[in-house]
Amino acid sequence: MSNGILKGKKGIISGALDENSIAWKTAIKAHAEGAQIVLTNAPIAMRMGKINELAEMVSAEIIPADATSVEDLEKLYQGAMENLGGKMDFVLHSIGMSPNIRKGKEYGDLNYDWFMKSIDISALSFHKFMQVAEKQDALNEWASIVGLSYIAAQRTYPFYTDMADAKAVLESIARGFGYRLGKSKKVRVNTISQSPTRTTAGSGIGGFDSFFDFAEKMSPLGNASGDDCANYIISLFSDFTRMVTMQNLFHDGGYSSTGISEEIIELMGKQ
Ligand SMILES: NC(=O)c1ccc[n+]([C@@H]2O[C@H](COP(=O)([O-])OP(=O)(O)OC[C@H]3O[C@@H](n4cnc5c(N)ncnc54)[C@H](O)[C@@H]3O)[C@@H](O)[C@H]2O)c1
């Protein structure tokens, strides 16, 4: 069901790799709600993923950009403004990657070059997205910028290793730039702290299936799906959430406020 709540809005959506990606689902919903979009992803993802299929479905141009490269991001905003004929009303940062997680490194045995990569790709890139946008004056007033986080930024999840630190930085950047862009342009910046979701990035985390099931049993509403997350992102891009900024918004079916659930007690009792 669509209500045209993004009619006339223009934006950039990063991070759509395949149909499971949160960004993929968001792009489809943004298009259905009347937005015009430009898609972006790392040049390597162009070869691995299926972004061309999505681009056709949502009538969008793809502008490849490595989110760690300021030069690529400059070209991205320039290209998006040319293609869409104006400044951006929304930007989705849906990017995360940790070489340490990919290579199965434990928290006490991190490779520090890879740690820097995790932080650069998963957190500093959020800053770069906003710094470049500000310098190019690429955002309309009341634009909305959303990044995606995980509760490991606040609580320890051993298998999440350096991504936990990256997410803490990401959430902090949302506050830092949220203040700045709020003052200068009335632009809002938020992160959504999403339930475990079956995507390429999600499933790459050690023990994913177990903590997916655990979170499902802990959350009174169950895990929020990728589709639910995309709906929430659309609401944050819309004019209905204009005064929400500098927040980390838990979108997790109640998981973050639950101490223990009956389902978990029952499960423990069976052991
Ligand atoms: N899946 C989960 O359980 C979960 C939970 C909470 C938060 N998140 C966050 O949601 C966001 C989206 O991930 P997803 O779950 O949709 O998985 P995904 O694998 O579909 O998306 C991650 C994207 O990051 C892109 N990317 C990686 N390196 C990049 C770079 N250098 N430049 C540009 N793009 C790059 C990938 O190509 C991919 O499209 C991430 O920030 C992730 O940490 C995911």
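Which count do you get for residues in the stretch 138-190 that are among the hydroxyl-bearing types (S, T, Y) and within 16 Å of I121 (Cβ to Cβ)?
Total satisfying the criteria: 4.
(1) crowded, with 23+ Cβ neighbours inside 10 Å; (2) outside any strand (DSSP E or B): which one isn't true of A143, the others all being true?
The number of the failed condition is (2).
Of everything in the stretch 103-138 that's away from the ligand (no atom under 13 Å from the Cβ) and among the small types (G, A, S), which residue is farthest from I13 (Cα to Cα)?
For the stretch 103-138, the residue satisfying everything is G108.
Are there any pairs with C-beta distances below 8 angstrom linking a residue in the stretch 149-169 that is aromatic (F, W, Y) and near the ligand (Cβ under 8 Å from one of its atoms) to a residue that is part of a helix (DSSP H, G or I) and at pLDDT 95 or above, with the two at least 6 apart or on different chains, and if so which?
Correct list of pairs: Y150/M163; Y150/A164; Y150/K167.
Among (1) in a helix (DSSP H, G or I); (2) within 13 Å of the ligand (Cβ to nearest atom), there is one condition L249 misses while meeting the rest; what is its number?
(1)
How many residues are aliphatic (A, V, I, L, M) and either near the ligand (Cβ under 8 Å from one of its atoms) or over 22 Å from G8 (Cβ atoms) (or both) when one looks only at the stretch 21-35?
Going through the stretch 21-35 one residue at a time, the tally reaches 2.
For the list (1) in contact with a Lys or Arg (Cβ under 6 Å, 6 or more places away or on another chain); (2) within 23 Å of F177 (Cβ to Cβ), I need the number of the one condition that M243 fails.
Looking at each condition in turn, M243 falls short on (1).
Being in contact with a helix residue (DSSP H, G or I) (Cβ under 8 Å, 6 or more places away or on another chain) and either more than 16 Å from S94 (Cβ to Cβ) or among the charged types (D, E, K, R) (or both) is the filter here, so list the residues in the stretch 119-130 that pass it.
I119, K128
With (1) part of a helix (DSSP H, G or I); (2) within 13 Å of the ligand (Cβ to nearest atom); (3) touching a Lys or Arg at 6+ places or on another chain (Cβ under 9 Å) as the list, and N100 as the residue in question, which single condition is left unmet?
(2)
Name the residue, out of V70, V38, that is more than 10 Å from the ligand (Cβ to nearest atom), under 18 Å from the mean Cα position of the chain (by Cα) and modelled with pLDDT of 95 or more.
That would be V38, the only listed residue that is more than 10 Å from the ligand (Cβ to nearest atom), under 18 Å from the mean Cα position of the chain (by Cα) and modelled with pLDDT of 95 or more.
For the stretch 149-188, which residues satisfy the criterion of being assigned to a helix (DSSP H, G or I), at negative phi and β-branched (V, I, T)?
Listed by number, the residues that qualify are I151, V169, I173.
Each row is one residue, and each column tells you yes or no for (1) among the β-branched types (V, I, T); (2) more than 9 Å from the ligand (Cβ to nearest atom); (3) in contact (Cβ under 8 Å) with a residue 60 or more places away in the chain; (4) part of a loop (DSSP other than H, G, I, E, B).
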{"position": "N190", "(1), (2), (3), (4)": "no, yes, no, no"}
{"position": "S193", "(1), (2), (3), (4)": "no, no, yes, no"}
{"position": "K217", "(1), (2), (3), (4)": "no, yes, no, no"}
{"position": "L221", "(1), (2), (3), (4)": "no, yes, no, yes"}
{"position": "A230", "(1), (2), (3), (4)": "no, yes, yes, no"}
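The values are calculated or read from the model by the stated rules, or taken from the named source; none is laboratory data. It should be emphasised that the depicted structure is a prediction, and the values quoted were computed from it without experimental measurement. FYI the Cβ positions are ideal-geometry reconstructions off the backbone, even for glycines, and counts take in every protein chain you see.
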